[in-house]
Amino acid sequence: MMVGRNNGQGRLIVVSNRVALPDQTATGGLASAMRAALQERGGLWFGWSGKMARQTGDDVHRLTDGPVQYTTIDLSRSDHDDFYDGFANRTLWPLLHFRPDLVDYDRKHLAGYLRVNNLFAEQLMSLIHPSDLVWVNDYHLIPLAAMLRERGVRNRIGFFLHTPLPPASLLIALPRHMELLETLASYDLVGLHTARDRRALEEYFLHEVGATMRRDGRIRTPEGRSFRAEAFPIGIDTPEVVASASHANEHKEIHDLKQSLEGRALIIGVDRLDYSKGLPERFQAYARLLERSPQLHRKVSFLQIAPPSRGGVPEYRQIRRDLERMAGHINGMYAAPDWVPIRYVNNSFPHSLLSGYYRSARVGLVTPLRDGMNLVAKEYVASQDPDDPGVLVLSRFAGAAQELAGALLVNPADTEEVAEALGVALEMPLHERRRRWRQMMDVLEKQDVTAWRNAFLRRLAS
Ligand code: GDG
């Protein structure tokens with residue numbers, strides 16, 4: 001029997017590809033948001049364990065932590081390869097990030113994706129109680145609601161897409177796109193980061209699926225299913241980031257970084273090593289800055305933290321090689337015996353340190369080619385010292401650009417423009433830095449991750 005602090009409402013069932021177990025430090029804002037929602041309401045988090053088994057579903061792991069249960073399943077090697085490395089990350093990820101040139105479509109991968117979604121549905125069936133709210137996350141699990149409905153599940157089911165959604169003209173490049181995307185109509189609520197993403201979904205359903213818009217704003221398919229699509233821009237745990245950054249000086253690592261800078265201005269980038277993050281273009285822009293501003297030599301340092309991800313996908317291995325070459329090249333061109341222009345670090349760091357690194361940097365450089373939201377941009381801002389805040393240089397193609405008007409917005413493909421913005425950021429007077437920072441903090445304080453999950457769940461339950 002589940003006993004949750006749910007005030008008479010049903011439990012919350014969160015479903016995502018990966019689950020952040022209670023003994024693991026939650027690495028992203030998302031993991032902590034889900035955990036907090038589950039703690040509050042009581043419920044269950046279901047997903048892949050991150051482990052391989054001989055056969056998918058052979059091993060089911062269960063863990064209870066107060067009002068929250070965790071159930072994870074292992075995947076077989078071939079299911080993992082077809083579902084995760086295959087259809088999710090070689091087909092859907094590039095498509096959703098406006099890169100049809102990188103879309104690698106293979107029927108075998110699609111079959112694996114559907115197989116794993118079916119297995120998830122099968123396992124979930126027996127775990128869902130009639131009054132539960134179900135919240136499915138991200139592009140790995142698009143058809144899950146349809147598969148649950150086929151099995152008779154009638155609960156409220158919501159879906160949140162953490163990536164951008166490109167316009168219909170691009171979505172139709174995916175072979176058999178309709179079979180997959182139409183299943184979104186099996187959800188009661190589809191959440192996206194921005195109004196632009198929501199419009200793209202609407203356009204796809206109206207023009208490709210032949211759906212109509214009901215007066216109450218719900219999208220109705222020719223088969224008669226209707227659902228709501230809305231923008232819920234995700235936030236960060238602002239009070240937590242602020243607190244963590246203000247204690248940053250207690251960490252030896254932060255002290256060491258500052259000492260190593262010897263008064264130089266720090267530019268920081270923190271991204272998963274992913275081609276959507278615009279890292280080669282960012283390196284080029286920094287090289288351009290050094291080329292056009294000799295007075296900055298030895299006066300500035302660029303720290304790029306880039307923990308590798310998805311090493312099973314060839315493009316990710318390629319970008320890693322490209323960046324190593326570029327960092328070596330730029331350092332070779334400009335370094336002096338006592339100065340390294342780029343510090344390129346392939347490690348990940350705990351949030352307590354990241355916030356200190358952000359706070360030590362005069363400029364946050366966040367230049368994805370496309371990004372659903374980009375939490376790093378928000379974390380950078382929230383980590384600043386209110387008396388002496390740094391400047392955010394932000395790609396217009398990150399969802400965060402819709403909210404953070406105080407950033408210097410750039411087109412990441414225009415290396416000249418990014419180099420110029422870096423120059424402006426490095427010289428920006430204190431009063432302007434404060435004004436811009438305050439503007440952005442107002443947004444981050446109001447629309448934090450708690451507001452985000454409450455808005456989504458309230459809408460789903462209503
Ligand atoms: C997807 C969407 C959307 C990064 N490096 C380290 C580390 N991180 C943390 C950051 C941040 C998170 O990971 C990354 O979030 P982003 O939003 O920047 O990017 P994605 O991973 O691509 O996230 C994105 C997001 O989902 C949420 O909806 O915003 O658009 O692509 O919190 O701090 N964390 C640790 N060490 C690191 O070195 N611990």
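The values are calculated or read from the model by the stated rules, or taken from the named source; none is laboratory data. Remember, it's a predicted structure, so these values are computed and weren't measured experimentally. Glycine also receives a Cβ, built like all others from the backbone with ideal geometry; neighbour counts cover every protein chain displayed.
Observations
- Residues of the range 215-227 that are under 19 Å from G158 (Cα atoms) and either free of Cβ contacts under 8 Å to residues at least 24 places away in the same chain or within 16 Å of the ligand (Cβ to nearest atom) (or both): D216, G217, R218, R220, G224.
- Candidates L184, L192, filtered to the one that is within 20 Å of A455 (Cβ to Cβ), assigned by TED's automatic domain parsing to the domain that holds N89, modelled with pLDDT of 95 or more and within 16 Å of the ligand (Cβ to nearest atom): L192
- Taken together, the residues in the range 122-142 that are more than 24 Å from the chain's Cα centre (by Cα) and in a loop (DSSP other than H, G, I, E, B) amount to 7.
- When residues of the range 259-283 are limited to those that are surrounded by fewer than 18 Cβ atoms within 10 Å (Cβ to Cβ) and in a helix (DSSP H, G or I), the one nearest to the ligand (Cβ to nearest atom): P280
- Lone qualifier among I268, I219, I330, I236 - being among the β-branched types (V, I, T), touching a Lys or Arg at 6+ places or on another chain (Cβ under 8 Å) and at pLDDT 95 or above: I219
- Residue check for A231: of a type in the set (A, V, I, L, M, F, W, C), under 27 Å from the mean Cα position of the chain (by Cα), within 13 Å of the ligand (Cβ to nearest atom) and not assigned by TED's automatic domain parsing to the domain that holds A377: yes
- Positions within the range 360-380 being within 7 Å of the ligand (Cβ to nearest atom) and touching a Ser or Thr at 6+ places or on another chain (Cβ under 9 Å), in sequence order: D371, G372, M373, N374, E379
- Residues that are basic (K, R) and either under 23 Å from the mean Cα position of the chain (by Cα) or in a helix (DSSP H, G or I) (or both), drawn from the range 41-95: R41, K51, R77, R90
- Cβ-Cβ distances below 8 Å connect the following pairs, each with a first residue in the range 272-292 that is in contact (Cβ under 8 Å) with a residue 12 or more places away in the chain and closer than 16 Å to I319 by Cβ, a second residue that is away from the ligand (no atom under 16 Å from the Cβ) and β-branched (V, I, T), and a separation of six or more residues or different chains: E281/T415; E281/V418; R282/V418; F283/I330; F283/I342; Q284/T415.
- Among the candidates R343, R310, the residue that is within 15 Å of the ligand (Cβ to nearest atom), without any contact (Cβ under 8 Å) to a residue 60 or more places away in the chain and either of a type in the set (D, E, K, R) or not assigned by TED's automatic domain parsing to the domain that holds L95 (or both) is uniquely R343.
- Annotation note: of A111, A145, the sole residue that is under 19 Å from F232 (Cβ atoms), assigned to a helix (DSSP H, G or I) and either in contact with a strand residue (DSSP E or B) (Cβ under 8 Å, 6 or more places away or on another chain) or not assigned by TED's automatic domain parsing to the domain that holds Y316 (or both) is A145.
- Residue that is farthest from the ligand (Cβ to nearest atom) [pool: residues in the range 152-173 that are hydrophobic (A, V, I, L, M, F, W, C) and either under 28 Å from M125 (Cβ atoms) or at pLDDT below 95 (or both)]: V153
- Residue check for L119: assigned to a loop (DSSP other than H, G, I, E, B), under 17 Å from W48 (Cα atoms) and of a type outside the set (V, I, T): no
- Whichever residue in the range 284-293 is of a type outside the set (S, T, Y) and touching a helix residue (DSSP H, G or I) at 6+ places or on another chain (Cβ under 7 Å) and, among such residues, is nearest to the ligand (Cβ to nearest atom): A285
- Boolean, A335 is in contact (Cβ under 8 Å) with a residue 12 or more places away in the chain and either away from the ligand (no atom under 14 Å from the Cβ) or not aromatic (F, W, Y) (or both): no
- Scope the range 346-359; condition crowded, with 21+ Cβ neighbours inside 10 Å and more than 7 Å from the ligand (Cβ to nearest atom); matching residues: S355, G356, Y357, Y358, R359
- Verdict on R453 being surrounded by 16 or more Cβ atoms within 10 Å (Cβ to Cβ), assigned to a helix (DSSP H, G or I), assigned by TED's automatic domain parsing to the domain that holds D197 and of a type in the set (K, R): yes
- Options S383, S395: the member that is of a type in the set (S, T, Y), more than 11 Å from W437 (Cα to Cα), within 12 Å of the ligand (Cβ to nearest atom) and assigned by TED's automatic domain parsing to the domain that holds S348: S395
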